[in-house]
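Some notes on the structure that comes next.
The values are calculated or read from the model by the stated rules, or taken from the named source; none is laboratory data. As the structure is a computational prediction, the values presented were derived from the model and not from experiment. Note: ideal-geometry Cβ built from the backbone for every residue, glycine included; neighbour counts use all protein chains shown.
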Amino acid sequence: MKRFFTRGISVIAGTLIFVFICHQLNYIFCATDEWFQQLFRSYYKQDNIDNLFLGSSVVYFSENPEIMDEETGLNNFNLSSNAQRIDTSYFLLKDAIEKNDLKNVYIDCYSWIMTEYEIWDNEKQQYVMVDYIDDPYNDGQLWKLIDELKFSLTKAQIIAEYSKEGDVFGAVLPFTRYRQKLFDWDYIKENLALKTKTKKNNGEPEIHTDEYGFKCYIQEKGYQYIDTEIPEDGRALAKERDFNKYCMGKKGESWLRKCIELCQKNNINVTLYVTPNIELQIASTENYDRYYRELTAIADEYNVELYDFNLIKEDYLDLNDRSMFCDVHHMNAKGAEKFTKLLAKVLRSNPDKNKEMFYESIVQKKACEKPMLYGCYFYDYNEESGVESDPSEYDYRDFVIASNRENMKYTVSRTINGKNDGIPELIQESTDNKEIKIPINEHGIIYIDGEYENQHQIIEIDY
């Protein structure tokens, strides 16, 4: 008996020592993320959440819960994170249902997180099609989020789900995901400094101010305040989606359906919506209406409301107002204030009346709006082997001019840094050609003069 008791004490002591060592190793090696720390610190402080918003960074930049609280008289929370996958939103939704008496759930269906696209596979030495959920780039954010969740049945389900195809040890023992940093003293020193800094601030977020005086900081209930405005020459973005070639991913669609069904099973009102993007981003997909049709079909099947604010009429929100955006993907504080008030108005209004506020398609929207030159989207390629070659071998960048008129004429010139004393050279004059090919190692400014019915718009693009 004594021997059995001694052995039991040894096992318990050994387990406690093992847990303590693992805890310390997690503290030393697991990356610190201020956003996730503040998000879940605020999440666990809530007595009850009435309205839950789920999505990626476009949500936490554009929907201000404090304003939404004032507009609705309810407690609103953004349970959203950078690059958040729809399967992650599902598990966060489950956790929120366990802890709260939810009245409404609003799921942002940003096209970037719901669709398929191509990535370069180094092993196969070719491009492969992936669903957003399968892109390895998005795994890191998922684990950071899991690390901040308190242990619960839902967290156990998340770990079990992602251990099927991934790193089992990484799920159970988070520090093992950072084994490549074992002797990286600079990383360890920096990570510990960040954690010590967070403790000294009592968990309060820092206000970051850049050289131009713009502020950025994390507010309560999942809102990122930023007052930066997109620069005037920030009119170019990489073409990351091609909705003529690919559209909604099967996995993305499946998990979206699970989110809707989970809400309906628990008698929670669920609404789908899409946070507005700057017009240039929508134009870069070349067939956004295809995505909207696929999303509409799902909403109709489940009899839930869908509001795509990329189709909002300019009388209610002018998406060509660049002062509302901090970059080509996200709104700033000014845009968030306008959008949150509009979103609250739409969500509490009669759905049939709301239809008057939206166009039926991007094609219709372009035809009804005044002529507008948005900017350029671009893709890189190799002159000999095209876009299917190894990205490290790309030597040209193809800029595609985006506007809302097919018969607009373009005069294009450019400067080249270090050449011609900064004097622009003419590339084309008053033609409908939209493509500008430039060697990838050259830099300068592109000047585009868009002419439509004797009216001119001139923009500059830093390349």
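Restricting K434, K365 to residues that are at pLDDT 95 or above, closer than 17 Å to K239 by Cα and of a type in the set (K, R) narrows the list to K434.
Within the stretch 349-405, the set of residues being in a strand (DSSP E or B) and either free of Cβ contacts under 8 Å to residues at least 12 places away in the same chain or loosely packed, with under 15 Cβ neighbours inside 10 Å (or both) comprises G386 only.
When K341 is tested against (1) part of a strand (DSSP E or B); (2) touching a residue at least 60 places away in the same chain (Cβ under 8 Å), exactly one condition is not met: (1). Those strands (runs of 3 or more DSSP E) of the stretch 152-264 that lie entirely within it include none in which at least 3 residues are outside the structural domain of Y127 (by TED's automatic domain parsing) and modelled with pLDDT under 80. When the stretch 71-89 is limited to residues that are more than 23 Å from H330 (Cα to Cα) and of a type outside the set (V, I, T), the one that is surrounded by the most Cβ atoms within 10 Å (Cβ to Cβ) turns out to be N75. Residues of the stretch 415-431 that are touching an Asp or Glu at 6+ places or on another chain (Cβ under 8 Å) and assigned to a helix (DSSP H, G or I): none at all.
Can you find, within the stretch 21-54, the residue that is farthest from the chain's Cα centre (by Cα) among those that are modelled with pLDDT of 80 or more and of a type in the set (F, W, Y)? Applying the filter and picking the extreme gives Y44.
Return yes when I423 is of a type in the set (A, V, I, L, M), at pLDDT 95 or above and outside the structural domain of G234 (by TED's automatic domain parsing) and no when it is not. It is false that I423 is of a type in the set (A, V, I, L, M), at pLDDT 95 or above and outside the structural domain of G234 (by TED's automatic domain parsing).
For the stretch 230-248, filtered to residues that are farther than 28 Å from Y447 by Cα and out of contact with any helix residue (DSSP H, G or I) (no Cβ under 6 Å at 6 or more places or on another chain), the residue that is surrounded by the most Cβ atoms within 10 Å (Cβ to Cβ) is Y246.
Starting from residues that are in a loop (DSSP other than H, G, I, E, B) and of a type outside the set (A, V, I, L, M, F, W, C), keep the ones in the stretch 79-100 and report whichever is farthest from V130 (Cα to Cα). Here the answer is N100.
Any residue at all in the stretch 384-406 that's at pLDDT below 95, of a type in the set (A, V, I, L, M, F, W, C), touching a strand residue (DSSP E or B) at 6+ places or on another chain (Cβ under 6 Å) and not assigned by TED's automatic domain parsing to the domain that holds I282? Yes, there is a match, as at least one residue in the stretch 384-406 is at pLDDT below 95, of a type in the set (A, V, I, L, M, F, W, C), touching a strand residue (DSSP E or B) at 6+ places or on another chain (Cβ under 6 Å) and not assigned by TED's automatic domain parsing to the domain that holds I282. Checking T340, T275, T285 one by one, the residue that is among the β-branched types (V, I, T), farther than 19 Å from E229 by Cβ and surrounded by 19 or more Cβ atoms within 10 Å (Cβ to Cβ) is T285 and no other. Quick one: D308 ticks every box in (1) among the acidic types (D, E); (2) under 28 Å from M129 (Cβ atoms); (3) out of contact with any helix residue (DSSP H, G or I) (no Cβ under 7 Å at 6 or more places or on another chain) bar one, so which box is it? (3) is the only condition that D308 fails. The requirement of being over 21 Å from L256 (Cβ atoms), in a loop (DSSP other than H, G, I, E, B) and in the same structural domain as G249 (by TED's automatic domain parsing) is not satisfied by V304.
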